[in-house]
Amino acid sequence: MPDRPTVLFVCVHNAGRSQMAAGFLQHLAGDRIDVRSAGSAPKDAINSVAIDAMAEVGIDITAGEPKLLTVDSVKQADVVITMGCGDACPVFPGKRYEDWELDDPAGQSLEAVRPIRDEIRRRVDQLITSL
């Protein structure tokens, strides 16, 4: 892996889980890791409940924008973390892949999203340690 690894978080809509994960990784790792996110079927905007849940822990993800997953984005990543996107993510040899099984925050209350957020934080902490 290069001195500054690239991590790509992928979920279906790129509006909740992947945006929260990217927000945590950017906040905790700063410029030591290049952080990206994308979705196989991106929404028009980030989930407002995900924004609120992250704001509770002092992380602003409002500048994020759901993006379409591309083959190039996967090729450029050293680590690809998928979150419920099934087979939509292309696989390339030599890349590190992890699948994080997490509930989708779409349509859920803030109370229901908090444990998802906290589990994402725990996994991002482990990811940073492993990199």
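Data table
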item: Residue-averaged [θ]222 nm for the chain, counting only DSSP H segments that reach four residues, each worth -39500 (n - 2.57); result: -11500 deg cm²/dmol
item: Rounded D (µm²/s) - the chain, Kirkwood Rh over Cα pairs, Stokes-Einstein at 25 °C, 0.890 mPa s; result: 170
item: Sorted by Cβ density within 10 Å, fewest first, the residues E119, E101; result: E101, E119
item: Value in Å of the Kirkwood radius, where region 61-131 supplies the Cα pairs that are averaged; result: 14.0
item: The chain: angle of helix 17-29 to the longest principal axis, Cα-based, in degrees nearest 10; result: 70
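Values in this text are rule-based calculations from the coordinates and carry no lab data. Keep in mind the model is a prediction, meaning the values are calculated, not measured. All Cβ positions, even for glycine, are placed from backbone atoms using ideal geometry, and neighbour counts span all protein chains on display.
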